[in-house]
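Colleague: Sharing a structure here in structure tokens format.
The values are calculated or read from the model by the stated rules, or taken from the named source; none is laboratory data. Predicted model, so just to flag it, every value in this text is computed and none were measured. Glycine gets a Cβ as well: all are built from the backbone with ideal geometry, and neighbour counts include every protein chain shown.
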Amino acid sequence: MDQKSIRNFCIIAHIDHGKSTLADRLIELTGTLRKDKIIQQVMDSMDLERERGITIKAKAVRLGYHSGAGELFRLNLIDTPGHVDFSYEVSRTLVACEGAVLVIDATQGIQAQTLANIYIAMEHNLEVIPVINKIDLPGSEPEHVMKEIETVLGYKSSEVLLISAKTGQGVSELIEAIVNRVPPPAGRSDLPLRALIFDSHYDDYKGVIAYIRVVDGVMETGAKLRLMGQGTHLEVLELGYFAPGPTPEDRLEAGEVGYIATGLKSVKECRVGDTITLASGGARQPLIGYELPKPMVFAGIYPTQADEYADLREAIEKLNLNDASLTFEPESSPILGQGFRCGFLGLLHLDIVVERLEREFGLSLVVTVPGVKFMVTKTNGERLAVTSPVDFPEPTEIQKTEEPWVGISIITPSGFIGALMDVMQEYEGAYKHTEYLGQITVMGEESQRVRLEYEMPLRSMLTTFYDSLKSRSRGYASLDHEFLGYREARLVKLDVMVNELKVDAFSRIIPPEKAHDTGKSVVSKLKEVIPRQLFKVPIQAAVGSRIVAREDISARRKDVLAKCYGGDITRKRKLLEKQKEGKKKMKMIGRVEVPKEAFLEIMKLG
Amino acid sequence: MRESIGLYLHFPFCRRRCYYCSFVSTENREQDIPVYLECLKREISNHSGRFHLKSIYFGGGTPSLMTAGQFAELFDCIGQAFTIDKQAEITVEMNPGMLTSGYMEDLRNCGVNRLSIGVQSLNDDELGLLGRLHTASEALAAFRTACRSGFDNINMDLIYGLPGQGIETWEKTLNLAASLGPRHLSLYCLSLEATAILAGQIEAGILPPLDPDMAAGQYELAEAMLDGYGYRHYEISNWAKPGYECRHNLSCWLMEPYLGLGVAASSYLEKHRRTNVACLDEYIYLVCSGAAMLIETDEETGCDLQLAEAVILALRLENGADIARFNREYGIDLLKHYSCQISELVDLGLLSRKENSLSLTPKGRLLGNEVFWRFLPEQPS
Ligand SMILES: Nc1nc2c(ncn2[C@@H]2O[C@H](COP(=O)(O)OP(=O)(O)OP(=O)(O)O)[C@@H](O)[C@H]2O)c(=O)[nH]1
Ligand code: SF4
């Protein structure tokens, strides 16, 4: 097909503004798939995604379209991940497009990630088509949102489309707009091959499948290729596009989007963002600077039962084949035994990994309190990267500590400014700036919306911050964050002792002035979740040798002995057997039986 | 030679269900009693000729809902099927209310020589909370009538650990009960299955939750008080004047064989633990259709399990597990066989190791399950 008839675009949106629903409608309206075949949203393909309503892996679909003027177009729709944890992937996806449909919910207006997304789109010179979605909803306020788009984003109302992704209203007009406004791809088929990997996944049969955008040259089955960033050599075993199922083809020309099966064993050998060229006589200049997404959040993952360590290793290795941004290295803890210190892109990424390990591999896991990477300069000049509280040096050995900071952007109805300022103060946020957006109706009242800018330590964000923010704004505030860099910090290690035994899994790094409060909340939570034992169990929180909080779990005095009636010994024994099985699910901290849930609860405290 | 055993008969009818009940019993089914007794007789006859009875125990439910005539017929049937030891202990459980001395005398004439009265509490508020159909004075009257009718060996069942029950009302009930001098007292700590009405009331916040610490205090109080009244604490939940220990139950705890008949009744014969179906209608249907099997579960206890059960049951008793007996019957040295468990439990202060026996400490009697599960064999997974 003529390059002039190709349009490569993506849809960007704040969570739940209707990205996946719109994708379904586009696929349906272009006749790529009949309506009855669209089993819910085709683009979100993993179960987990469907449950959480979050798009984790980008996919690309080719849509055929006859324009109003009777011309045939080929539209490549590239789906983007919807969460900041995966913002590196989003930015790579955008590089593969010439245009972006920016979806804004008519009932919610511009939200934090709407802005984050549009900034990236503008950075990559994409043609942005703003649309207001969900206009079918009774509470929708397209006029207000329109005004907001005009004032905040600077688009003219004539450039903005009104649609309902649900009913299909306005979607045909949107397709026309995509065809007319998004420029065709600019590359040249006669130049040496250059293709961008914007996503990849591991397939048991075909090895790594890379999703690619051919920028220059032609990609052909059987071609011998080289990754310019990583230097990996590979051969194209299969090549094709999605419509929406995989459809093999012989060649993909400049401007096209599709996939190649590489036979490679791990996505680590074929990273997103790298440029593919021919093994010999290839291009000189890669398309973009290619970098590895850096893990920002670290936590220890341990099997509940020590004998599942080997299974855990195998499971993590397997997941890693498909998730190159997950890092892991063996770690051992006196209490938890053998496990791994893992690095994640963010808390959501951590959640997803743990859930997959438990669900897909049937493991029972204990996860330690998530933390960041601290840079510690010791008095002897040595510089350490500390990702586990265990490795945090004694106060006397520390000359300087640095920790990562993030820039925070919160969009909220102005009525919540006071409450959110309190939240930010509580979580060590530093105020930067306020910006006024448009009006919107909140709980039946006209309300001014504002964008608050703060800076805060990432460490602080990993605690209960998000929940506080949501609850104090009654769900109205939306949040976005970006990494700023390392800054000097004053921090200490808070240790937790259960029955005089220091439990590394509960340790955390905090500012000294928070030691008392945090210590208190940790020990009282533990008192709540650890069942009474046969002896008294003191629970203490300490900084160095100074105890900052203490609770005692009193000894259990009596258990329930059911009446042993009619000589039914079997029934009684079954109850005892259940009790015995229950003990096996406990993690032993010295002599104290601690249910796995305790670790989860403490992790939630942050 | 006929095998000597204990016989248990289950009677699954009550006038109304108590609020804490999770026993196998029904309410509003009294019209089915005659049919049920017919079934029971058939089941008795099925075992005809095999056993010599050392003890008979009518449990329920409320066996005292049977008329004297129905008792007499049942005993005839038992007498035809089995031989009954001259010294046999024959117990009937009963609930206070509507028990005349005439009725009790008739029972005595049938051969019944031990009564177990479900007193539960001698405080009317508590009886109301438990959903019992009698008052404290009716319970006392039942006891007196029983004595007057010539019964010497009488047990009272009492319950402690009620929601909101303090130490004082328990002390009063206990004092009053002990001062009457029943030969035997069974004290049960209230435990509720999710289906019990009381469990629902606690869940709904109408009643305070069960308080195990209070229950522990109440138990310790009972131990001290009943000792003062001259009772021996011969089993975790049972106290008796010397010589009045319940022989039927003792033989269960010593792993001697017993036959259980009726709905949900359990047997232990030839190393098999069997339990009859628990549903009244199913039981009647099976017997009426001439089914040979009324059994819901049948488990052959292997050596491991027999040993574990024997230890667990023996530990319930004051004298504990007799090392010589285990040597004799199982050919093992308990102290060696369970050395890990024993040293852990001794460390925890739950078990005491004497020269000839192992027994629960006072603390261990309160935390029996913690001791027992440790003796269970590993499950084949
Ligand atoms: N009434 C109405 N509901 C819509 C419309 N578009 C989407 N929705 C609903 O809004 C919710 C979120 O839609 P999705 O398409 O899953 O949103 P998303 O942006 O893909 O969400 P993430 O994948 O989590 O980023 C779903 O319940 C949709 O059914 C619309 O036009 N009208
Ligand atoms: S008398 Fe006993 S069996 Fe009958 S309902 Fe009350 S507790 Fe249950």
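Colleague: Being away from every other protein chain (no Cβ under 14 Å) and part of a strand (DSSP E or B) is the filter here; which residues of the stretch B:7-51 pass it?
Modeller: B:13, B:26, B:51
Colleague: State whether the residues of the stretch A:487-500 include one that is within 29 Å of residue B:347 (Cβ to Cβ), modelled with pLDDT of 90 or more and exposed (fewer than 15 other Cβ atoms within 10 Å of the Cβ). Break it down stepwise before answering.
Modeller: Of the residues in the stretch A:487-500, the ones within 29 Å of residue B:347 (Cβ to Cβ) are A:495-500.
If we keep only those that are modelled with pLDDT of 90 or more too, we end up with A:495-500.
Narrowing the set further to residues that are exposed (fewer than 15 other Cβ atoms within 10 Å of the Cβ) leaves A:500.
Yes, the conditions are met somewhere in the stretch A:487-500.
Colleague: If I ask for residues that are among the aromatic types (Phe, Trp, Tyr), closer than 23 Å to residue A:152 by Cα and in contact (Cβ under 8 Å) with a residue 40 or more places away in the chain, which ones from the stretch A:406-436 would you list? I'd like the intermediate steps shown before the answer.
Modeller: Initially, the stretch A:406-436 is screened for residues among the aromatic types (Phe, Trp, Tyr), giving A:416, A:427, A:431, A:436.
Retained after the next criterion (residues that are closer than 23 Å to residue A:152 by Cα): A:416, A:431, A:436.
Correct list: A:416 only.
Colleague: Among the residues of the stretch B:18-61, count how many are surrounded by fewer than 20 Cβ atoms within 10 Å (Cβ to Cβ), within 16 Å of ligand 2 (Cβ to nearest atom) and free of Cβ contacts under 8 Å to residues at least 60 places away in the same chain.
Modeller: The total comes to 5.
Colleague: Are there any pairs, at least 6 apart or on different chains, whose C-beta atoms fall under 6 Å, with the first in the stretch B:93-114 and more than 14 Å from chain A (Cβ to nearest Cβ) and without any contact (Cβ under 8 Å) to a residue 60 or more places away in the chain and the second assigned to a loop (DSSP other than H, G, I, E, B) and more than 16 Å from ligand 2 (Cβ to nearest atom), and if so, which?
Modeller: Within 6 Å, the pairs are B:101/B:149; B:104/B:149; B:105/B:149; B:108/B:150.
Colleague: Sticking with this structure for a sec: What about residue B:4, is it within 14 Å of chain A (Cβ to nearest Cβ), more than 16 Å from ligand 1 (Cβ to nearest atom), surrounded by 14 or more Cβ atoms within 10 Å (Cβ to Cβ) and of a type in the set (Ser, Thr, Tyr)?
Modeller: On the way: within 14 Å of chain A (Cβ to nearest Cβ): no; more than 16 Å from ligand 1 (Cβ to nearest atom): yes; surrounded by 14 or more Cβ atoms within 10 Å (Cβ to Cβ): yes; of a type in the set (Ser, Thr, Tyr): yes.
No.
Colleague: Further, regarding this structure: Out of B:203, B:223, B:245, B:193, which single residue is in the same structural domain as residue B:131 (by TED's automatic domain parsing) and within 13 Å of the chain's Cα centre (by Cα)? Walk me through it before giving the result.
Modeller: Details: B:203 fails: within 13 Å of the chain's Cα centre (by Cα); B:223 fails: within 13 Å of the chain's Cα centre (by Cα); B:193 fails: within 13 Å of the chain's Cα centre (by Cα).
None of the others qualify; the one that does is B:245.
Colleague: Condition (residue is within 14 Å of another protein chain (Cβ to nearest Cβ) and under 28 Å from residue B:185 (Cβ atoms)) applied to the stretch B:294-310: is it met by at least one residue? Walk me through how you get there before you give the answer.
Modeller: As a first pass, look at the stretch B:294-310 and keep what is within 14 Å of another protein chain (Cβ to nearest Cβ): B:295-302, B:304-310.
Keeping just the survivors that are under 28 Å from residue B:185 (Cβ atoms) gives B:309-310.
Scanning the stretch B:294-310, I find at least one residue that is within 14 Å of another protein chain (Cβ to nearest Cβ) and under 28 Å from residue B:185 (Cβ atoms), so the answer is yes.
Colleague: If you go through the stretch A:456-470 one residue at a time, do you hit one that is in contact with a strand residue (DSSP E or B) (Cβ under 6 Å, 6 or more places away or on another chain) and polar (S, T, N, Q)?
Modeller: No, the stretch A:456-470 has no match at all.
Colleague: Does residue B:194 satisfy the criteria of being assigned to a helix (DSSP H, G or I) and either within 14 Å of chain A (Cβ to nearest Cβ) or under 30 Å from residue B:112 (Cα atoms) (or both)? Before the answer, list the steps.
Modeller: Values: assigned to a helix (DSSP H, G or I): no; either within 14 Å of chain A (Cβ to nearest Cβ) or under 30 Å from residue B:112 (Cα atoms) (or both): yes.
Considered against the rule, which asks whether it is assigned to a helix (DSSP H, G or I) and either within 14 Å of chain A (Cβ to nearest Cβ) or under 30 Å from residue B:112 (Cα atoms) (or both), residue B:194 comes out as no.
Colleague: To continue, here is another question. Looking at residue A:463, is it β-branched (Val, Ile, Thr) and outside any loop (DSSP other than H, G, I, E, B)?
Modeller: Judged against the criteria, residue A:463 is not a match.
Colleague: Kindly indicate the residue of the stretch A:427-466 that is closer than 30 Å to residue A:143 by Cα and of a type in the set (S, T, N, Q) and also nearest to the chain's Cα centre (by Cα) among those meeting that condition.
Modeller: A:434
Colleague: So which of B:322, B:347 ends up being away from chain A (no Cβ under 13 Å) and acidic (Asp, Glu)?
Modeller: It is B:322.
Colleague: Part of a strand (DSSP E or B) and in contact with a helix residue (DSSP H, G or I) (Cβ under 9 Å, 6 or more places away or on another chain): which single residue out of A:451, A:359 fits that description? Let's see the steps before the verdict.
Modeller: Values: A:359 fails: part of a strand (DSSP E or B).
Selected residue: A:451, the only one of A:451, A:359 that is part of a strand (DSSP E or B) and in contact with a helix residue (DSSP H, G or I) (Cβ under 9 Å, 6 or more places away or on another chain).
Colleague: Of all helices (runs of 4 or more DSSP H) completely enclosed by the stretch B:317-381, which ones contain at least 1 residues that are of a type in the set (Phe, Trp, Tyr) and buried (at least 19 other Cβ atoms within 10 Å of the Cβ)? Spell out the reasoning first.
Modeller: Working: elements: B:323-330, B:334-337, B:339-347, B:362-366, B:368-372.
Filter on the stretch B:317-381 gives B:323-330, B:368-372.
Colleague: Continuing with this model, one more query. Which condition from (1) over 23 Å from residue B:239 (Cα atoms); (2) assigned to a helix (DSSP H, G or I) is the one that residue B:98 breaks?
Modeller: Evaluating residue B:98 over (1) over 23 Å from residue B:239 (Cα atoms); (2) assigned to a helix (DSSP H, G or I) leaves (2) as the failure.
Colleague: Got at least one residue in the stretch A:100-120 being out of contact with any strand residue (DSSP E or B) (no Cβ under 8 Å at 6 or more places or on another chain) and closer than 22 Å to residue A:162 by Cβ?
Modeller: yes
Colleague: Name the residues in the stretch B:233-291 that are more than 14 Å from every other protein chain (Cβ to nearest Cβ), free of Cβ contacts under 8 Å to residues at least 40 places away in the same chain and at negative phi, would you?
Modeller: B:242, B:279, B:281, B:282, B:285, B:286, B:289, B:291
Colleague: When the residues of the stretch B:137-157 are filtered to those that are surrounded by fewer than 21 Cβ atoms within 10 Å (Cβ to Cβ) and within 16 Å of ligand 2 (Cβ to nearest atom), which remaining residue is nearest to the other protein chains (Cβ to nearest Cβ)?
Modeller: This residue is B:157.
Colleague: Any residue in the stretch B:366-380 that is more than 26 Å from residue B:211 (Cβ to Cβ) sitting within a Cβ distance under 7 Å of a residue that is of a type in the set (Gly, Ala, Ser)? List the pairs, counting only those 6 or more apart or interchain.
Modeller: B:375/B:308; B:376/B:308; B:377/B:308
Colleague: Another one. Which ones in the stretch A:266-312 are under 24 Å from the mean Cα position of the chain (by Cα) and assigned to a helix (DSSP H, G or I)?
Modeller: A:267, A:268, A:269, A:312
Colleague: So which residues in the stretch A:570-598 are surrounded by fewer than 17 Cβ atoms within 10 Å (Cβ to Cβ), outside any helix (DSSP H, G or I) and either aliphatic (A, V, I, L, M) or not assigned by TED's automatic domain parsing to the domain that holds residue A:526 (or both), if there are any at all?
Modeller: Passing the criteria: A:586, A:588.
Colleague: Can you pull out the residues in the stretch A:132-154 that are touching a residue at least 60 places away in the same chain (Cβ under 8 Å) and within 11 Å of ligand 1 (Cβ to nearest atom)?
Modeller: Result: A:133, A:134, A:139.
Colleague: Looking at the stretch B:252-298, which of the residues that are closer than 16 Å to residue B:310 by Cβ and acidic (Asp, Glu) is farthest from the chain's Cα centre (by Cα)?
Modeller: By that ranking, first place goes to B:270.
Colleague: Quick one: is residue A:459 of a type in the set (D, E, K, R), surrounded by 14 or more Cβ atoms within 10 Å (Cβ to Cβ) and closer than 18 Å to residue A:116 by Cβ?
Modeller: Working: of a type in the set (D, E, K, R): yes; surrounded by 14 or more Cβ atoms within 10 Å (Cβ to Cβ): yes; closer than 18 Å to residue A:116 by Cβ: no.
The answer is no for residue A:459.
Colleague: Right, here's the next one. Could you tell me whether the stretch B:74-86 includes any residue that is more than 15 Å from ligand 2 (Cβ to nearest atom), over 23 Å from residue B:115 (Cβ atoms) and part of a helix (DSSP H, G or I)?
Modeller: Taking the stretch B:74-86 and keeping what is more than 15 Å from ligand 2 (Cβ to nearest atom), we get B:74-86.
This time we only want the ones that are over 23 Å from residue B:115 (Cβ atoms), so: B:80-81, B:83.
With the extra rule that they be part of a helix (DSSP H, G or I), the set shrinks to B:80-81.
Yes: the stretch B:74-86 contains one or more residues that are more than 15 Å from ligand 2 (Cβ to nearest atom), over 23 Å from residue B:115 (Cβ atoms) and part of a helix (DSSP H, G or I).
Colleague: Continuing with this model, one more query. Being out of contact with any helix residue (DSSP H, G or I) (no Cβ under 7 Å at 6 or more places or on another chain), within 14 Å of another protein chain (Cβ to nearest Cβ) and polar (S, T, N, Q): is that true of residue B:173 here? Give the derivation first.
Modeller: Working: out of contact with any helix residue (DSSP H, G or I) (no Cβ under 7 Å at 6 or more places or on another chain): yes; within 14 Å of another protein chain (Cβ to nearest Cβ): no; polar (S, T, N, Q): yes.
So residue B:173 fails the test.
Colleague: Evaluate the following for residue B:2: is it of a type outside the set (A, V, I, L, M, F, W, C), within 16 Å of ligand 2 (Cβ to nearest atom) and touching a residue at least 40 places away in the same chain (Cβ under 8 Å)?
Modeller: Numbers: of a type outside the set (A, V, I, L, M, F, W, C): yes; within 16 Å of ligand 2 (Cβ to nearest atom): no; touching a residue at least 40 places away in the same chain (Cβ under 8 Å): yes.
No, not satisfied.
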